[in-house]
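Down below is the structure, laid out as structure tokens.
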Amino acid sequence: MTFHALGVLWVVGQGALAGAAQPVDSVRVCVRDAVTGAPVVGVTVRDMRGGQRVAAGDCLRVPRGANDMVVARVGYRPQTLAIGAHSHSDTAIVFITMIPRVGVSTSAEMNERGVTTLATQRVTATTGTRPVAGAVQAGVAMSDARERGVSTLNGAIALLPYVALRSARGESGLSLRGARREQVVITLDGLPLNDPATGVADVNDVPLAAVQTITVRPGADPLGAGSGASGGVLALTTASQRLLSLRSGAFGQWAAEAAWAGSAQRVRWSGSVSHRRTQNDFAFLNDAGERPVREQRTNNDEQRSVVSLGIVSPRTQWSLLVSAGERGMVGPANVRAYDEDRSRTMRALLRGQVAIGSTLLTSGVRRFTLSYRDPQQPELDTRAAVWAGDVEWRGSARHGEWRVGTGTDALAATGNLSQQRSRAFAAWGWRRSSDAASRLDVDAGLRADVVERHGVQPTGSAGLAWRVLGGTGVSSLSVLARSAQAVRVPTLYDLYFSSPQRLAVRALAPERVTLDASVGLRGAHERGAARLNGELLLVSRDTRDAIVWFPGNFGWSPANVGRERLRGAESRLEYTTPALTFGAWHTWYRSTLRSGALTIPTPYVPQHSAGVQGAWRHGANSVSANVRLQGRRPYTAGPSNPLFELPAVTLTDVAWSRQHIVANTRALLSISLDNATNVRWQSVRGFPMPGRGWSASLTLQPRS
């Protein structure tokens, strides 16, 4: 057996999916990205006799005993694979990893690692991933999330550690390492979803049917995610699957999603459609007046339709996502002037990459439009349109990877408001992955952004992971250390389209993370089919000219503050077996702003956050629970005072699911209870969230 790229071949018994192994005449080959661990869809497999086939998803079947097959896909180094010598008579699935064509070192990573045969186990999205030296990463596969009763992307994100969801006026974002929503970059197959106008990505725009894995990585990442990734990165990979999902639930919730995939003429194609709506009018206690009053949230509905398409060939890849939505734009609970306002949005994203020799040329276009209607004051009706385009060329050199790129974005809005900005960047990065001899994984890189009206913005990063004990695939203990910088250039002056009648333009300086650092330990222990993972990190971040929206500022304009400082610790523990999954995490952050002589707590950053989750599988049944604690959060710009803090809340979600095989179709029925203890809480001051809710979903998929 030969490998022409770094890879580890995992041979997993049929029992990893169902029951005892049986002899088979073919082998199922599934491909994973060696850097991120995410499934790689649309690979082409060609044998020496000229026959070839294209995987409709991330897996395909090849005859048992097949030899000298070439596995290829755009953006990855092709490799030659021989199945016959290493496939036992009861082998059903072979997992291989492929190395990206650029972005890795060229010496140690080309060495043959051989074959590792593992005991039968459940393969998860987090197995064997090391994306950035010294960083921590966690992920979840949508197949596992559906078993836990998850039917929305928001629900899947809630399963991730270190993540805090934030929602106001119907738009959902997230926070990592105490950062604001616009400081977290969210990508779909590498294309940023963050709006060029506000810097925020609304995760509601992506249907669950279009996603295969979600990966989260806290901390600044100037090379991997580029400008704007001050708090971390949430990476989504698109799915290549066939399924139909129907969902109904509390507060008038209803949704239908479908996804399909196929292959023809060396091209893998996939698509998905989704339509969902919810009434979302719920009772709440308005305590903003002299005495609490029980009221009903009105005009809080939402509906959204999404279409996604994708094609992959050996030399190119293209993906398209279009969404259209409408929602009521209710204001704070004690401000009823907006109870009839409406908002319509449309987003379109197109991304493509083409292999040019040993390099990759990537381009992307994003467009966002919003129409805001105020029936009470039509003179405040607003329409805004923003678009952004980017081109990037990258390749490998002897001593690392180089990237160059350029882009532009533009805004046009009611009232002759228009802005345009151009930018360019150049970056270089180097990485050396550990092997059995060195035990050291190191990377370093530099980046320089040139932004119109803001000049040159340099950043850099460096990290290491030193494996003190153990090996790469068994029990181990590693020391982690990482430092990075980040720059977030004002996104067209951070215009806030949710309240266009208060639109104000203010010149802002770029927000600069002068140092984001972490140091800690990561350990793993395997015994049979059971695995225990854990990590503990001390983290620190210092930001100059932080761009902050101060709550209670009715100018609705952000401002630069002098300094922002965060100190804290992050910890996580996971235990997995084929039948049981258990995880717990905790973060402690002390985050402050300093403006002039005044030092105040950063609004909406809780000192403590934690989560505990577990899932138990027995036969066709699965039972799961997810408990999240969010500590007290200051909600105003002022000295620390318990009177100006939102109380701590504990949210508990439970779910039951059962799987049936009917006429060669896998049917998954899930019933979930969200916020089972009926906690009445506020994500943002004045914006109440609903109490207890329920949902039931049915997902149908053809058996592989």
Loop-located GluC sites (Glu not before Pro) in the stretch 284-357 whose Cβ has at most 10 other Cβ within 10 Å (DSSP): Glu290
Specify whether the C-alpha gyration tensor of the stretch 155-296 places it in the rounded, prolate or oblate class, a ≥ b ≥ c being the square roots of the eigenvalues: rounded for a/c under 1.5, otherwise prolate if a/b is larger than b/c and oblate if not. oblate
Any idea of Tyr589's accessible area? Nearest 10 Å², probe 1.4 Å. 20
List the trypsin sites (Lys or Arg not before Pro) in the stretch 566-659 that DSSP assigns to loop (not H, G, I, E or B) and whose Cβ has at most 15 other Cβ atoms within 10 Å. Which are they? Arg632
Area accessible to solvent at Phe644, 1.4 Å probe radius, in Å²: 90
Portion, in percent, of the accessible area of the stretch 270-350 that falls on carbon or sulfur, probe 1.4 Å: 56
Based on Cα positions only, what radius of gyration and what Dmax would you give for the stretch 286-385, in angstroms? 21.1, 71
Suppose every K and R has +1 on its Cβ and every D and E has -1 on its Cβ; what is the size of the dipole of the stretch 138-274 about the Cα centre, in Debye to the nearest 20? 180
I'd like the accessible area for Tyr575, computed on protein heavy atoms only with a 1.4 Å probe and all protein chains in place. Round to 10 Å², please. 80
Kindly identify the stretch 207-275 as rounded, prolate or oblate by the Cα gyration tensor criterion: order the square roots of the eigenvalues as a ≥ b ≥ c, call it rounded if a/c is under 1.5, otherwise compare a/b with b/c, prolate if a/b is larger, else oblate. oblate
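Take the Cβ-Cβ distance between Leu477 and Thr592 as r, set R0 to 51 Å, and report the resulting FRET efficiency rounded to the nearest 0.05. Don't skip to the answer; put the middle values down first.
Numbers: r = 34 Å, r/R0 = 0.66.
Rounded to the nearest 0.05, the efficiency is 0.90.
Based on the Cβ-Cβ distance of Arg291 and Trp681, what FRET efficiency does E = 1/(1 + (r/R0)^6) give at R0 = 25 Å, to the nearest 0.05? Please list the in-between numbers first.
On the way: r = 20 Å, r/R0 = 0.81.
That pair, Arg291 with Trp681, gives E of 0.80.
Note the full-extension length gain between Ser540 and Trp616 as 0.36 nm times their separation in residues minus their Cα-Cα distance, in nm to one decimal. Mind showing how you got there, number by number?
Values: separation 76, 0.36 × 76 = 27.36 nm, distance 3.63 nm.
In short, 23.7 nm is gained.
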Share of Cα-Cα pairs in the stretch 617-704 beyond 18 Å, whole percent, is 59
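Before I look further, what does the stretch 606-704 give for accessible area per residue, probe 1.4 Å, in whole square angstrom?
Details: 4990 Å² over 99 residues.
Per residue, the stretch 606-704 has an accessible area of 50 Å².
In nm, what is the difference between 0.36 nm times the number of residues separating Ala663 and Val322 and their Cα-Cα distance?
Working: separation 341, 0.36 × 341 = 122.76 nm, distance 3.38 nm.
Extra length available between Ala663 and Val322 comes to 119.4 nm.
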Which net charge results for the neighbourhood of Gly289, defined as the other residues with beta-carbon distances under 13 angstrom from its beta-carbon, given Lys and Arg at +1 and Asp and Glu at -1? 0
Taking a 1.4 Å probe, which of Phe687, Phe251 shows the most accessible area, and what order do the others take after it? Phe251, Phe687
Ala486's amide H: which non-local residues (gap 5+, or another chain) put their own amide H closer than 5 Å, with H modeled 1.01 Å from N in plane and none for Pro or chain starts? Val513
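The values are calculated or read from the model by the stated rules, or taken from the named source; none is laboratory data. Since this is a predicted model, take the numbers as computed values, not measurements. Note that we place each Cβ from the backbone using ideal geometry, even for glycine, and neighbour counts take in every protein chain shown. Surface accessibility is based on the protein's heavy atoms, side chains included, excluding ligands, DNA and RNA. Shrake-Rupley method; radii C 1.70, N 1.55, O 1.52, S 1.80 Å.
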